[in-house]
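Heads up, the thing below is written out as structure tokens.
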Amino acid sequence: MNRPFLILFALLLPFAIWAEAKKFNVVMVEADDLNPMTLGYMGHRVVKTPHLDRLAAQGTVFKNCIVQGTACAPSRNSLLTGTYPHNTGIYMNASSAELQENCWTFPAALSRAGVYTAFYGKNHFRTDQLGFDLNFSTGGKVAVSARKHPPGKDPYITHLHERGLQDKLVAAYKNRKGLDIEFPLDEEDYLDSFIINSAIKWIATEEARKDPFFLWIDLTLPHPPMDVPKKYKDLYKDVKLDPVIPGLKTGLPASLAKDMNQSPRNLTAYRRGYLAMITMMDALVGRLVDHLDKSGLRENTIVIFIADQGSMTGHHGLYSKKYFYKEVINSPTIISHPKHGKGKVITRPVELLDISKTMVTLYGCDSKDLSQTHGYDLMPLLKGEAFERKYAHAEQHEVNMIQDEHFKLVTYKDGEILYDL
């Protein structure tokens, strides 16, 4: 190969990457507090998740995708910035958990590369400054029940207010029995139904067809309380669940062992209600993917499904998040690419923030943007090629976890645990 040809090839390569990427849109759906072990494609025995199971069969499943923070805000902000909680300074959910002004984010990098970026749903970051061209942002369940957002500033509250439904929903949350709520509205007025329906309406607009788009959809399910319509709860009201793993405290750091006596008043009802929320979430993801199929967009759209982190549902005497068991730190990640990786299952460790590097690489962002994220491009795994990452990392303030394919080490301020995987 002569030198002039090599020079021409080098000059045309970035254009070739962009031309290939320009064919693809990306729709990324993020679940809230989703325990990866409570999904059909991850091996759960009784849960009903037919739509996600089908999406998993059509794509690549990452069974060991590690989140970087063990709560919503730290995990989501690490994904956004391609960095770790010790870089963002965000270790927990709090009103003060905000990124610095003008920090690097991968949606902003995509926007600079000519991708239209849109956000729909509940957020744990300031979407107004993070590179989204379209921001359709709502509060979560707590914001609704506490009237934290007025009509006009939150599209879901506006939706309820215009239909005269807000008072009825707030009253249902106020009169709840423990963590169980009888949802008083039509299913289409549920927050996540509103988010999915709104995102589908946008996908159908001319605006969405101008450029390749990156659409991030943030759901509130299956975050407690258990507030989904009755038809989903009825699916599990008599189902027999496998017993929980008991909390064995011997040899564990005291800071972990002291938590191992948690339990809702009725753990069985809690677990059944959690599965009911997952099944509703599954139905909504199915509605979205069906729309992509019927509209013809699926053939040039990469669909990604992730969770910010999971939640304990009784195993080891624990529930809720913040722990370094796989029920919390594993995101049940699916990447369904039209051309690559159908039916693949990846068991080696990757990180959730690797999606940031995957996106900026996919769309041919410039070298400055490519160097900002600490992640690794996941596309080689879809294509069966070499992949560089050997370890995955998660952290809290004063707690760190690192794992490879064989071992997981968690270090607390008062001890450490080494797991043979």
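The values are calculated or read from the model by the stated rules, or taken from the named source; none is laboratory data. Just so we're clear, the structure is a prediction, and the values are computed from it rather than from any experiment. Glycine gets a Cβ as well: all are built from the backbone with ideal geometry, and neighbour counts include every protein chain shown. The area values use the complete protein model at the heavy-atom level, side chains included, leaving out ligands, DNA and RNA. Shrake-Rupley method; radii C 1.70, N 1.55, O 1.52, S 1.80 Å.
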- [ ] Extending each Cα 7 Å along its Cβ direction at Lys237 and Asn197, get the distance between those two points in nm, one decimal.
- [x] 2.5
Task: Within the chain, percent of DSSP bridges classed antiparallel, to nearest 5 - done: 45
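Leaving ligands, DNA and RNA out of it, rank Lys210, Lys339, Lys141 by accessible area with a 1.4 Å probe, largest first. All intermediate terms of the calculation are to be shown ahead of the outcome.
On the way: Lys210 150, Lys339 120, Lys141 20 Å².
Ranking Lys210, Lys339, Lys141 by accessible area, largest first, yields Lys210, Lys339, Lys141.
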TODO: Apply 1/(1 + (r/R0)^6) to the Cβ-Cβ distance of Ile417 and Asn266, taking R0 = 22 Å, and write down the FRET efficiency to the nearest 0.05.
DONE: 0.15
Open item on the list: Please report the carbon-and-sulfur percent of the accessible area for segment 181-275; probe 1.4 Å, protein heavy atoms only, DNA, RNA and ligands left out.
Closed with: 51
- [ ] Provide the per residue accessible area, probe 1.4 Å, for the chain, rounded to a whole number of square angstrom.
- [x] 44
Task: Evaluated over segment 76-168, the Cα radius of gyration and Dmax, each in Å - done: 15.1, 45
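Within segment 30-136, what whole-number % of the accessible surface is contributed by carbon and sulfur, with the 1.4 Å probe and all protein chains included in the calculation? Write out the running numbers ahead of the final one.
Working: 1680 of 3590 Å².
The C+S portion of the solvent-accessible surface of segment 30-136 is 47 percent.
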Open item on the list: Defining a contact as two alpha carbons under 8 Å apart and six or more residues distant in sequence, what relative contact order in percent does segment 101-213 show?
Closed with: 23
Task: Simple spin-label estimate for Ala171 and Lys383 in nanometres, 7 Å along Cα-Cβ - done: 5.9
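Once neighbouring chains are kept in place and the probe is 1.4 Å, which whole percent of the accessible area of segment 296-416 is contributed by carbon and sulfur? Working shown, then result.
On the way: 2300 of 4800 Å².
That fraction is 48 percent.
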Task: Cα-based Lys proximity count in segment 180-327, under 21 Å, for pairs eight or more positions apart or on separate chains - done: 12
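Using helices alone, what [θ] at 222 nm do you get for the chain, with -39,500 (n - 2.57) per DSSP H run of 4 or more residues, divided over all residues and rounded to the nearest 500?
Values: 16 runs with 144 residues, N = 421.
About -9500 deg cm²/dmol.
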TODO: With a point put 7 Å past each Cα toward its Cβ, work out how far Lys230 is from Thr347 in nm, to one decimal.
DONE: 4.5
Task: 5 angstrom amide H check on Leu221, placed H, neighbours 5+ away - done: Asp32
